[in-house]
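What follows is a single structure, written as structure tokens, with notes after it.
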Amino acid sequence: MELEGSELGTREYWETSYAREIKNYKNHGDVGEIWFDEDSQQRIVDWLLKQENIDKKTACVLDLGCGNGMFLIALANEGFARLTGVDYSPKAIELAMGIAKDQALDINYKVADLTQSESLALGTYSIIHDKGTYDAVSLCPDDPKEKRNSYLSTVSKLLQNEQSLFIITSCNWTEEELLHSFEHVFVKHCTIPTPTFKFGGKVGNVVTSVVFKKKSN
């Protein structure tokens, strides 16, 4: 199944959006929207803090499609020290860098397109986070299936080893659909519970959050 293409899957949309948010931040101090709301972000932060085997000082964290960088700022405020955010929108990175600088936080930001092989130069990480970026790739009007596969291949190679974690939150794909799409590169580690709703006698989730690990070769 493919999602219908949308402007949300284009770099131009995000460049325009973040140019507007940079202006708002400079004029009003407004950091902009937190994608999928603050609760979705805090659920992931809380889950990471509960993992006894994660060392906040040494864990290398990569946030894919970091936008304004608020997820990494939340981690930095909890004591995580090795943080990197990437986005294919230069304006997003400009905004994120400005916010981190103003809060005196040491967060590394880079412009990178995760569907391109050059992004492998980013190195490897023990924790990779995606909140809505796979969704945006899926909405690309131009060959979304190929771009999704390139994206997943890149993410797999950016994970340090088979114990490294890929945490994804999606509003467009169910857990079952993610498991099916990811089965060639990832195995499910666990589900992070998200709010449910009932419609027509069926129970669903507004967003899905799943933790994956790299599949053994």
task: Search the structure for amide H atoms under 5 Å from the amide H of residue 165, placed 1.01 Å from N in the peptide plane, and list their residues when 5 or more places away or on another chain.
output: 127, 128
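Normalised by the number of residues in the chain, what is the relative contact order in percent for Cα pairs under 8 Å and 6+ residues apart? It would help to have the intermediate numbers written out before the result.
Numbers: 388 pairs, mean separation 42.4, N = 217.
The value is 20 percent.
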query: What ³J(HN,Hα) values, in whole Hz, does the Karplus curve 6.51 cos²θ - 1.76 cosθ + 1.60 give for segment 198-207 when θ = phi - 60°, with x put for Gly and Pro?
result: 10, 9, x, x, 10, 9, x, 10, 5, 10
- prompt: Within the accessible area of the chain, what % is carbon and sulfur when the probe is 1.4 Å and the other protein chains stay in place?
  reply: 49 percent
statement: In terms of the charge dipole of the chain, which places +1 on Lys and Arg and -1 on Asp and Glu at the beta carbon, the residue among 133, 28, 122 farthest towards the positive end is 122
- prompt: Does segment 70-117 come out rounded, prolate or oblate, given a ≥ b ≥ c as the square roots of the eigenvalues of its C-alpha gyration tensor, rounded meaning a/c under 1.5 and, failing that, prolate meaning a/b above b/c?
  reply: oblate
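FRET efficiency for residue 42 and residue 187, Cβ-Cβ distance as r, R0 = 25 Å, nearest 0.05? Mind showing how you got there, number by number?
Details: r = 26 Å, r/R0 = 1.05.
So, using R0 = 25 Å, E works out to roughly 0.45.
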statement: Of all DSSP beta bridges with both partners in segment 107-217, the antiparallel percent, nearest 5, is 70 percent
field: Nonlocal amide H pairs with residue 63, under 5 Å, H built at 1.01 Å
entry: 84, 85, 86, 129
statement: The ³J(HN,Hα) series, computed from each phi in segment 73-79 with the Karplus coefficients 6.51, -1.76 and 1.60 at θ = phi - 60°, rounded to the nearest Hz and given as x for glycine or proline, is 5, 4, 5, 4, 5, 9, x
With at most 14 neighbouring Cβ atoms within 10 Å, loop GluC sites (Glu not before Pro) (DSSP) excluded, longest segment of the chain: 79-161
statement: The alpha-carbon pair-distance distribution computed for segment 65-217, with 10 angstrom bins and whole-percent values, is 11, 38, 36, 14, 2
- request: Note down the nm distance, to one decimal, between modelled labels 7 Å out along Cα→Cβ at residue 56 and at residue 120.
  value: 3.5 nm
query: Per residue, how many Å² of accessible area does segment 95-161 show with a 1.4 Å probe?
result: 44 Å²
query: What shape does segment 1-153 have by the C-alpha gyration tensor, where a ≥ b ≥ c are the square roots of the eigenvalues, rounded means a/c under 1.5, and otherwise prolate means a/b greater than b/c and oblate the rest?
result: oblate
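The values are calculated or read from the model by the stated rules, or taken from the named source; none is laboratory data. No experiment lies behind these values; they were computed from the predicted model shown. Here Cβ is always computed from backbone atoms with ideal geometry, including for glycine, and neighbour counts include all displayed protein chains. Note: accessible area is taken over every heavy atom of the protein model, side chains too, but ligands, DNA and RNA are not part of it. Shrake-Rupley method; radii C 1.70, N 1.55, O 1.52, S 1.80 Å.
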